[in-house]
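Readers should treat all values here as calculations from the given coordinates under stated rules, not as data from a laboratory. The structure presented is a predicted model; accordingly, all values stated were derived computationally and were not measured. Using ideal geometry, Cβ is built from the backbone for each residue, glycine included, and neighbour counts are taken over all protein chains shown.
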Amino acid sequence: MNRLAYTLTAIAVTGLVALTPTAAAHATPDGAGRDTRCAPTRPGIEFYEAGRVASTAITVPHSRCTTIAVSNIRDPRAPADRCQTFLVAFLPTDGTDPTYTEPVQACSVPSSKRTVLATNVPNGAVFRVLYDVDYIDPVIQTVRFRVWR
C-alpha cells in the first residue's frame, strides 16, 4: 500500500488529520524532527574547503524517511560546544554541480535532539553534510555528529 493510500485509510478509520511529510518531520515539541523511520549513520570526513568540512558521500536508503537531520553534535576539543552550522550538498549523478540547502544552526541539547537540515528527500539521493568550522589553528576543527536519513 503506498503512503497516500495508507494516510487516507488512517484518516477514514481514525478520523485523524494527516500531516504532510514536511510537517510530520517537525511535529515534536522540541522541534527535533524525530522520525522513527530514519536510520542514523556517522559519516567520515572527506575534505576541508573554504571554511567548511564535508562528510563522505551518503546515500539515502530505501525507507519511509523523507528528511535529513543531525544529532549528537560534539566538538571533542571543546566538549561543552554542542552547536554547529550545517548544510547539505545534494550530489547529482549526471556530473553537474551540487545543490545546497540553506545553512542551519543546530544544537544538540540534549545530545539526542535532532535538527532537520532537508525535507522531502527521495530514496537513493546522494549527499554530503557540511559544517562551518569555528577554528583552524592549530588543527582544523573536527566535529562529531550523527546523520539521520
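Worth a mention:
- At R0 = 22 Å, FRET efficiency that the Cβ-Cβ distance of HIS62 and THR99 yields, to 0.05: 0.55
- Distance (nanometres) between label positions extended 7 Å along Cα→Cβ at ILE136 and THR41: 2.8 nm
- With K and R counted +1 and D and E -1, the other residues having a Cβ less than 12 Å from that of PRO103 yield a net charge of -1.
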